[in-house]
Amino acid sequence: MLLLELLAQAEELQAPAVVAEMGLRQPHAAALFLRNGFVRIRPFGAYQDDPESICFSRAL
């Protein structure tokens, strides 16, 4: 429910996308993002060089 609320608020703010970062040890979080239309992207920002970082994005 929190993810759906985040997406709704991002749409209200007319954000072009929502991005998320997580670690390798969070497979349930990865499944949640994928079930909700997110796609895996290359790590960004401070996470670029972190081998344990997994990032997702969903265009709005």
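The values are calculated or read from the model by the stated rules, or taken from the named source; none is laboratory data. Keep in mind the model is a prediction, meaning the values are calculated, not measured. Cβ coordinates were reconstructed from backbone atoms using ideal geometry, including for glycine residues, and neighbour counts include every protein chain displayed. Ligands, DNA and RNA are stripped out before the accessible areas are found, and what is left, the full protein with its side chains, is counted by its heavy atoms. Shrake-Rupley method; radii C 1.70, N 1.55, O 1.52, S 1.80 Å.
Here is a check on your reading of the model: is F56 open to solvent by less than 80 Å² (accessible area, probe 1.4 Å), in contact with a Phe, Trp or Tyr (Cβ under 9 Å, 6 or more places away or on another chain) and on the phi < 0 side of the Ramachandran plot? The answer is yes for F56. Answer yes or no as to whether R35 is surrounded by 11 or more Cβ atoms within 10 Å (Cβ to Cβ) and among the basic types (K, R). Judged against the criteria, R35 is not a match. Residues of segment 25-56 that are in a loop (DSSP other than H, G, I, E, B), closer than 16 Å to L4 by Cβ and more than 9 Å from the chain's Cα centre (by Cα): N36, G37. Taking residues in segment 39-54 that are more than 10 Å from L24 (Cβ to Cβ), and partners anywhere that are assigned to a loop (DSSP other than H, G, I, E, B) and of a type in the set (S, T, N, Q), the pairs with Cβ atoms closer than 9 Å and at least 6 places apart or on different chains are R42/Q48.
Among the residues of segment 38-50, those identified as surrounded by 13 or more Cβ atoms within 10 Å (Cβ to Cβ) and under 11 Å from V19 (Cα atoms) are F38, I41, P43.
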